[in-house]
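The values are calculated or read from the model by the stated rules, or taken from the named source; none is laboratory data. Not measured: the values here are computed from a predicted model. Please note: Cβ atoms are built from the backbone with ideal geometry, for glycine as well, and neighbour counts cover all protein chains shown.
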């Protein structure tokens, strides 16, 4: 939008520079170039172009109004972060905080469930080692009773630990499932908020584009048509070549100021007489041919 505004500013400046330069040139040009009504018509045309400057200035102002409105909305939506020059959406921190809080319980449960699964894996490996030791001891009867009782106690503790961890895992899985449902609902709600903010942003772009397209147009077309009409009217009506030639002839003393005839009129009258004579000759030829 700013680029288009600058283009119209350059056009407006070009009109203004053209009017100043052309007016000065027309006023100071030799009478051999233009004079009398032609010179006035040229100046009148330049004056009409000056009227276009006001039209372009109004267009520029309308575009600038749209730009200012858009920048104001952007400043309200995107704020400058503290201690930085970066800009971010005014709800960015709030949305991130909501996501973090919504995920916190689920992440803790997921982490705890992972730890329980790791613990039960280690306990089962330890139980497997105790089972292997008991099997090996069956082959060695020496010190059997003493070590067997120790291994049996270890085996019992390992089994109880496995059962306990398995129950904890079952409870953690149930909690994890419930937290996933809660997280999904909360995430959907947060996403809806994000969608609303995004819709506002897209609607702002849409409104700005519409306002810009309206600002670029010249609303008062009649004013523009009137300017161009005056321009062509001055050229067609106010400029009189015959009067200029008469003025030129009188200014240089070719004819008297009291003479109402002009060289161009005389030339036109002479041409008319010649045409009449030619027509009479053609009629005589046709009569001779008939005879």
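Only one residue in 91, 87 is touching a strand residue (DSSP E or B) at 6+ places or on another chain (Cβ under 7 Å) and surrounded by 12 or more Cβ atoms within 10 Å (Cβ to Cβ). Which one?
Values: 91 fails: touching a strand residue (DSSP E or B) at 6+ places or on another chain (Cβ under 7 Å).
Selected residue: 87, the only one of 91, 87 that is touching a strand residue (DSSP E or B) at 6+ places or on another chain (Cβ under 7 Å) and surrounded by 12 or more Cβ atoms within 10 Å (Cβ to Cβ).
Starting from the range 191-209, take each residue that is under 12 Å from residue 70 (Cα atoms) and list its partners that are part of a helix (DSSP H, G or I), counting only C-beta distances under 6 angstrom and pairs at least six apart or across chains.
204/73; 208/70
Being outside the structural domain of residue 198 (by TED's automatic domain parsing) and assigned to a helix (DSSP H, G or I) is the filter here, so list the residues in the range 74-95 that pass it.
74, 75, 76, 77, listed by residue number.
Can you name every residue in the range 199-217 that is surrounded by 13 or more Cβ atoms within 10 Å (Cβ to Cβ) and under 30 Å from residue 43 (Cα atoms)?
Let us first name the residues in the range 199-217 that are surrounded by 13 or more Cβ atoms within 10 Å (Cβ to Cβ), namely 201, 204, 207-209, 211-212, 215-216.
Matches in the range 199-217: 216 only.
Just need a number here: residues in the range 1-57 that are over 27 Å from residue 249 (Cα atoms) and touching a residue at least 40 places away in the same chain (Cβ under 8 Å).
So the count comes out to 17.
For the range 24-34, enumerate the residues that are surrounded by fewer than 16 Cβ atoms within 10 Å (Cβ to Cβ) and either in contact with a helix residue (DSSP H, G or I) (Cβ under 9 Å, 6 or more places away or on another chain) or outside any helix (DSSP H, G or I) (or both). Quick ask: steps written out before the conclusion?
Here is the first cut: in the range 24-34, the residues surrounded by fewer than 16 Cβ atoms within 10 Å (Cβ to Cβ) are 24-25, 27-33.
Across the range 24-34, the qualifying residues are 27, 29, 30, 31, 32, 33.
If I filter the range 48-71 for residues that are more than 22 Å from residue 7 (Cβ to Cβ) and either out of contact with any helix residue (DSSP H, G or I) (no Cβ under 6 Å at 6 or more places or on another chain) or at pLDDT 90 or above (or both), do I get at least one hit?
Taking every residue of the range 48-71 in turn, none turns out to be more than 22 Å from residue 7 (Cβ to Cβ) and either out of contact with any helix residue (DSSP H, G or I) (no Cβ under 6 Å at 6 or more places or on another chain) or at pLDDT 90 or above (or both).
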